[in-house]
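Here the structure is laid out as structure tokens; the discussion comes afterwards.
The values are calculated or read from the model by the stated rules, or taken from the named source; none is laboratory data. This is a predicted model, so every value here is computed, not measured. Cβ: placed from backbone, ideal geometry, glycine included. Neighbour counts: every protein chain shown.
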Amino acid sequence: MSRLPPLRVGIAGLGRGFMLLLPTLAAHPNIRLVAATDPRDDARARFESDFQGQTYPSFEAMCQSPDVEAVYIASPHALHREQVECAARWGKHVLVEKPMALSLTDCQAMIDAMRAANRWLLVGHSHSFDTPYLRTAELIRSGDVGAVRMIHAMNFTDFLYRPRRPEELDTARGGGVVYSQAAHQVDIVRLLGGGEVTRVMAQTGQWDPKRPTEGAYSALLTFANGAFASLTYSGYAHYDSDVLQDWRGELGQQRSAGEYGKARKALAEIESPQAEAALKNQRAYGAALGLTDTSLEGIGHNHFGFVLACCDEADIKPGPKGIEVYGHTLHRTLPLTEPDIPRREVLDEWVAAVRNDQAPIHSGDWGLATMEVCFALLESARTGQAVDVFHQCPVASRKG
């Protein structure tokens with residue numbers, strides 16, 4: 001792949017999401033950042049300085065540039081549909097951040113627009129791109145461990161107490177852990193379970209009046225192949241399930257048990273929603289943070305908490321350092337080499353689609369299916385009833 005001409009990428013939204021993927025984008029040999037758009041003057045100026053790229057006053061102006069082949073959309077959730085449709089009109093390939101959109105209608109409109117333009121649409125980054133889960137899925141598909149029967153996924157973090165803008169605490173505007181975190185977890189269990197969910201039963205928790213959105217959920221998913229999966233997530237900043245990963249963090253960083261309670265302590269010093277939003281902006285790309293403030297040193301494979309896939313011949317536990325296989329009489333570990341460029345998997349899949357016309361796993365159809373499960377999770381919690389889903393798709397086969 002390194003011989004291919006770099007994909008010329010424009011960025012929509014130079015916020016926190018872009019900041020997290022920035023070191024990988026900058027290091028990837030097949031990506032060149034050539035353009036960006038963002039409402040903040042300081043962010044645009046920093047991009048021009050870091051990458052000698054062109055910045056634009058609007059998303060459509062950026063898409064009109066012949067120098068831009070593809071766009072990475074890391075803007076607020078509510079903008080995803082209109083920006084994808086705009087990119088399609090100007091013939092650009094798209095990587096759109098999760099959650100794909102806030103309704104099935106919007107998701108389908110995005111797919112239709114990109115299909116009509118004959119351009120690739122990928123949805124991510126989600127943690128189902130992570131090598132530990134991709135390798136586990138390959139092991140399951142190989143048939144060596146028999147059919148997958150049951151999957152358990154569990155993650156406990158401080159997500160709800162990190163600095164948030166007001167809309168991130170409003171479910172109607174895409175806030176809460178279901179849209180931002182279940183999109184990761186559902187993607188992972190769909191990848192391991194075959195992709196085609198048929199029914200969702202769930203409960204959600206809203207236990208802090210000052211953070212009036214879902215901070216936790218548990219769900220039971222049933223698959224067309226007879227497998228089922230249990231998902232549990234809490235972002236209430238009490239127990240931290242990174243302890244189960246030897247304190248390796250979600251983004252591959254080595255953490256310390258001494259960080260316990262850090263998010264809640266910092267938030268206790270914030271006096272208003274405006275001050276909280278300002279604090280979040282300090283963590284975004286711009287005047288305070290740029291390319292020189294990022295590093296890939298010491299970063300390992302990403303993960304999304306404890307995952308266990310139970311198959312006929314073995315139980316499989318993927319982790320950032322290796323994949324443990326518990327067979328009938330033998331326990332073995334399949335080690336993972338440290339990544340040369342952490343989080344590169346999402347960009348590898350994007351480049352392979354655009355340059356090699358290789359169907360991605362995380363296509364628009366895949367993203368819609370994941371969001372359908374997330375919407376069903378919220379509906380089931382609201383009604384107390386199981387919800388059937390109908391717009392699912394299997395895991396795409398990959399060549400090479």
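Could you say which residue among Thr136, Thr232, Thr204, Thr222 is under 21 Å from Gly322 (Cβ atoms) and modelled with pLDDT of 95 or more? Spell out how you get there, then give the answer.
Details: Thr232 fails: under 21 Å from Gly322 (Cβ atoms); Thr204 fails: under 21 Å from Gly322 (Cβ atoms); Thr222 fails: under 21 Å from Gly322 (Cβ atoms).
Only one candidate passes the filter, namely Thr136.
Quick one: in segment 216-230, which of the residues that are part of a strand (DSSP E or B) and touching a Gly at 6+ places or on another chain (Cβ under 6 Å) is farthest from Ala182 (Cα to Cα)?
Pass one, segment 216-230, residues part of a strand (DSSP E or B): 216-223, 228-230.
Retained after the next criterion (residues that are touching a Gly at 6+ places or on another chain (Cβ under 6 Å)): 216, 223, 229.
Numbers: Ala216: 10, Phe223: 17, Ala229: 13 Å.
Per the criteria, the residue is Phe223.
Select, from Gly252, Gly215, the only residue that is closer than 24 Å to Glu167 by Cα and of a type outside the set (A, V, I, L, M).
On inspection, the qualifying residue turns out to be Gly215.
Only residues that are of a type outside the set (A, V, I, L, M, F, W, C), crowded, with 19+ Cβ neighbours inside 10 Å and at negative phi: list them for segment 301-316, please. Reasoning before the result, please.
First pass over segment 301-316, keeping only residues of a type outside the set (A, V, I, L, M, F, W, C): 301-303, 305, 312-313, 315.
Checking the rest, the ones that are also crowded, with 19+ Cβ neighbours inside 10 Å come to 301-303, 305.
His301, Asn302, His303 - these are the residues of segment 301-316 that are of a type outside the set (A, V, I, L, M, F, W, C), crowded, with 19+ Cβ neighbours inside 10 Å and at negative phi.
Of Ala61, Ala43, which residue is assigned to a helix (DSSP H, G or I), in the same structural domain as Gly13 (by TED's automatic domain parsing), over 28 Å from Tyr179 (Cα atoms) and out of contact with any helix residue (DSSP H, G or I) (no Cβ under 7 Å at 6 or more places or on another chain)? Before the answer, list the steps.
On the way: Ala43 fails: over 28 Å from Tyr179 (Cα atoms).
Residue meeting the stated conditions: Ala61.
Somewhere in segment 248-255, is a residue surrounded by 15 or more Cβ atoms within 10 Å (Cβ to Cβ), free of Cβ contacts under 8 Å to residues at least 40 places away in the same chain and outside any strand (DSSP E or B)?
For segment 248-255, residues surrounded by 15 or more Cβ atoms within 10 Å (Cβ to Cβ), free of Cβ contacts under 8 Å to residues at least 40 places away in the same chain and outside any strand (DSSP E or B): present.
Among what's in segment 37-51 and is closer than 21 Å to Ile341 by Cβ and touching a strand residue (DSSP E or B) at 6+ places or on another chain (Cβ under 6 Å), pick the residue that is surrounded by the fewest Cβ atoms within 10 Å (Cβ to Cβ). Reasoning before the result, please.
First, pick out the residues of segment 37-51 that are closer than 21 Å to Ile341 by Cβ: 47, 50-51.
Right, trim to touching a strand residue (DSSP E or B) at 6+ places or on another chain (Cβ under 6 Å) and you get 47, 51.
Working: Phe47: 25, Phe51: 19.
Top of the filtered list is Phe51.
Specify the residue that is surrounded by the most Cβ atoms within 10 Å (Cβ to Cβ); the eligible residues are those in segment 138-157 that are within 17 Å of the chain's Cα centre (by Cα) and either within 24 Å of Val71 (Cα to Cα) or not aromatic (Phe, Trp, Tyr) (or both).
Filtering segment 138-157 down to residues within 17 Å of the chain's Cα centre (by Cα) leaves 153-157.
When the remaining residues are screened for being either within 24 Å of Val71 (Cα to Cα) or not aromatic (Phe, Trp, Tyr) (or both), the result is 153-155, 157.
On the way: Ala153: 23, Met154: 18, Asn155: 26, Thr157: 24.
Per the criteria, the residue is Asn155.
In the list Leu336, Leu347, which residue meets the criterion of being in contact with a Ser or Thr (Cβ under 7 Å, 6 or more places away or on another chain), surrounded by fewer than 20 Cβ atoms within 10 Å (Cβ to Cβ), under 26 Å from Asp242 (Cα atoms) and not charged (D, E, K, R)? Break it down into steps so the answer makes sense when it comes.
Values: Leu347 fails: surrounded by fewer than 20 Cβ atoms within 10 Å (Cβ to Cβ).
Of Leu336, Leu347, the one residue that is in contact with a Ser or Thr (Cβ under 7 Å, 6 or more places away or on another chain), surrounded by fewer than 20 Cβ atoms within 10 Å (Cβ to Cβ), under 26 Å from Asp242 (Cα atoms) and not charged (D, E, K, R) is Leu336.
Please determine, by comparing only the residues of segment 90-104 that are of a type outside the set (Gly, Ala, Ser) and farther than 18 Å from Ala35 by Cα, which one is surrounded by the fewest Cβ atoms within 10 Å (Cβ to Cβ).
At the first step, the residues of segment 90-104 found to be of a type outside the set (Gly, Ala, Ser) are 90, 92-100, 102, 104.
Right, trim to farther than 18 Å from Ala35 by Cα and you get 98-100, 102, 104.
Details: Lys98: 27, Pro99: 24, Met100: 31, Leu102: 20, Leu104: 17.
Ranking the candidates gives Leu104 first.
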